[in-house]
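The values are calculated or read from the model by the stated rules, or taken from the named source; none is laboratory data. Computed from a prediction, not measured in an experiment: that's the story for all the values here. Every residue, glycine among them, receives a Cβ derived from its backbone with ideal geometry; neighbour counts consider all protein chains shown.
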């Protein structure tokens, strides 16, 4: 299992009349087809981010704003990540030095 994060970028837009924003559902479908959903509303740190634990392989995520009645607001946003089976790290492979003008 690997830990991943889903970070949303948000833009404040006007709500339709009579609609009250409640949260954004982030649903992750892992490579085994298992769905996990977390609700975010901007009070997280960092804001609009959720953490998930998934197996290696293709993981898909979708985000949907929801109103206080549990109805969707606006379009669904989709993304994906190919989760590697081996943990990686940023190994230095080159270095550059220079004079500051």
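Look at the range 69-86 and say how many of its residues are in a loop (DSSP other than H, G, I, E, B), more than 12 Å from residue 4 (Cα to Cα) and at pLDDT below 95.
The initial filter retains those residues of the range 69-86 that are in a loop (DSSP other than H, G, I, E, B), namely 69-71, 84-86.
Next, from what is left, pick out any that are more than 12 Å from residue 4 (Cα to Cα): 69-71, 85-86.
Restricting the remaining residues to those that are at pLDDT below 95 gives 85-86.
Number satisfying all stated conditions: 2.
How many residues, within the range 56-68, are modelled with pLDDT of 95 or more and part of a loop (DSSP other than H, G, I, E, B)?
Matching residues across the range 56-68 total 1.
For the list (1) surrounded by 10 or more Cβ atoms within 10 Å (Cβ to Cβ); (2) outside any strand (DSSP E or B); (3) without any contact (Cβ under 8 Å) to a residue 24 or more places away in the chain, I need the number of the one condition that residue 19 fails.
With (1) surrounded by 10 or more Cβ atoms within 10 Å (Cβ to Cβ); (2) outside any strand (DSSP E or B); (3) without any contact (Cβ under 8 Å) to a residue 24 or more places away in the chain applied to residue 19, the lone miss is (3).
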